[in-house]
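The values are calculated or read from the model by the stated rules, or taken from the named source; none is laboratory data. No experiment lies behind these values; they were computed from the predicted model shown. Here the Cβ positions follow ideal geometry from the backbone for every residue, glycine too, while neighbour counts run over all protein chains shown. With ligands, DNA and RNA removed, areas are computed over all heavy atoms of the protein, side chains included. Shrake-Rupley method; radii C 1.70, N 1.55, O 1.52, S 1.80 Å.
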Amino acid sequence: MSEVDCCIVGGGPAGMMMGLLLARQGVEVLVLEKHADFLRDFRGDTVHPSTLRLLDELGLAEEFLELPHQKVTQLGVTTDDGTYVMADFGRLPGKFPFLAFVPQWDLLDFLADRARHYPNFQVRMNAEVVGLLHENGQVTGVRYRTPGEGEREVSAQLTVAADGRNSVLRVEAGLHLREFGSPIDVLWFRLAKPPAGPGPAFGGAGRITRGRMLVRLDRDDYWQCAYLVPKDGYAALKEAGFPAFRADLARLLPAGADLDALSDWDDVQVLRVRVDRLARWHRPGLLLIGDAAHAMSPVGGVGINLAVQDAAAAARLVAGPLRDGMVSSRCLSRVRRRRLLPTVVTQFVQRQIQTRVISRILAGDQPVGTPRVVRLLDRYPVLQGLPARAIGIGVLPEHAPPVLATGVGARR
């Protein structure tokens, strides 16, 4: 059995960021990722100003922005009576007045590579966690298996579940999940991006009309598209047939849009939207963060940001106790107390938008007028900084923990 200070289960944004931050503070960290690489399509690709600021505090922002990316300064929407600007990130203070669209696998590879610079950091790919280790009522590590090597164990002072909204460790720990439901699901797919035409160019553009809603994200040479449907509405779309689906899209897309990339349902992935959160984020020796603790709606694209902020707060609060060899339940409960307000506020806003705006649009069969708040934002551009701040910075943004005075990678 191997032994580390902290074993992090899940190599997503929360897990990799927490691993990097803890390693930087002299904690011995092992990250277990069940896949062989980070190449999964249709993950969230939005890196927010607050995350860029965190990278800047680590001295990594400039290097990160050398990766291929798109800078998005405005988000807009087109209704049946016009096109409007909803959020202007150029009005945000600081060095990063924009959203950066970067493939998530590039972000994760970047974080893993920088974390490997520390001798007290390891990441094991193809390592699927299958259960928790317990001793005297406390979690003491995990069991995992790798291809060709069978089942293995790792002992840890602290196990962190960052294994997503379908967390295996959350189920095994028996933690109570409060589910709020969602009236929508999302179909994800790619479309070739036509040459720029007349009208404003938005990095993120919404199109709403009679019972339909489509969001397009600019990924340089293609659009990543989200087609919103009522909950479990995918079955009805399939029954109507793929040609009908393509015809619907043609009515929502700008003239000249290329639908050749969509040949059948295999080109479409379904995200079954969930909004939930744990009443308690820990057990003795176990902490849950990110989607494992609170699944977010895709509204606003803030899921990655919330997960990264969880990781920063958790790393700051547990690094010292880990080095001292005493991580109490009281210490772990402080993580939830710190991150509960941004989680609750963000989920509340997302749920209101889902039920009061999106579900009403999807249920209607009349031309969609422009909501009053959208007209107000467009008429008074200074107000466009408010939704930009809510999306780009959020509630209670976190900062990078300081480096140990004794030097990077120091051991207790």
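Data for the structure
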item	result
The chain: C-alpha gyration tensor shape, a/c 1.5 cut-off, then a/b vs b/c	prolate
Low-density loop cleavage sites - GluC sites (Glu not before Pro) in the range 72-150, where at most 11 other Cβ are within 10 Å (DSSP)	GLU149
Net charge contributed by nearby residues that have their C-beta within less than 12 Å of GLY206 (K/R +1, D/E -1)	+3
Virtual spin-label span in nm between ALA363 and THR73, 7 Å along Cα→Cβ	4.0 nm
Efficiency of FRET between GLU3 and LEU271 - r from beta-carbon atoms, R0 45 angstrom, step 0.05	0.75
Listed peptides 226-234, 158-166 by packing density, highest first (mean Cβ within 10 Å)	158-166, 226-234
Cα-projected label distance for ARG337 with ASP258, points at 7 Å along beta-carbon direction, nm	5.6 nm
Residue list for the range 351-379, given a label point 7 angstrom along the Cα-to-Cβ vector of ARG251 and an amide N cut-off under 11 Å	365-367
Förster-model FRET efficiency, 25 Å R0, GLU63 and THR146, C-beta, rounded to 0.05	0.20
Extension gain, ALA235 back to ASP80 (0.36 nm per residue minus Cα-Cα distance, nm)	53.1 nm
Under 13 Å from LYS95, Cα to Cα: aspartates and glutamates that are on another chain or at least 8 residues apart	ASP56, GLU57, GLU62
Backbone N within the range 173-187 under 16 Å of label point (7 Å from ALA279 Cα along the Cβ vector)	173-180
Highest-first arrangement of 380-388, 280-288, where packing means the average Cβ count within 10 Å	280-288, 380-388
Three-way shape call for the range 280-371 based on the alpha-carbon gyration tensor, with the a/c threshold at 1.5	prolate
Sites SER155 and VAL395, calculated FRET efficiency, Cβ-Cβ separation with R0 35 Å, nearest 0.05	0.45
Bridge type composition, the chain - antiparallel percent by DSSP, nearest 5	70 percent
Solvent-accessible area, 1.4 Å probe, carbon plus sulfur percent, for the chain	52 percent
Nitroxide proxy distance, nm - points 7 Å out along Cα→Cβ at VAL344 and ASN136	3.5 nm
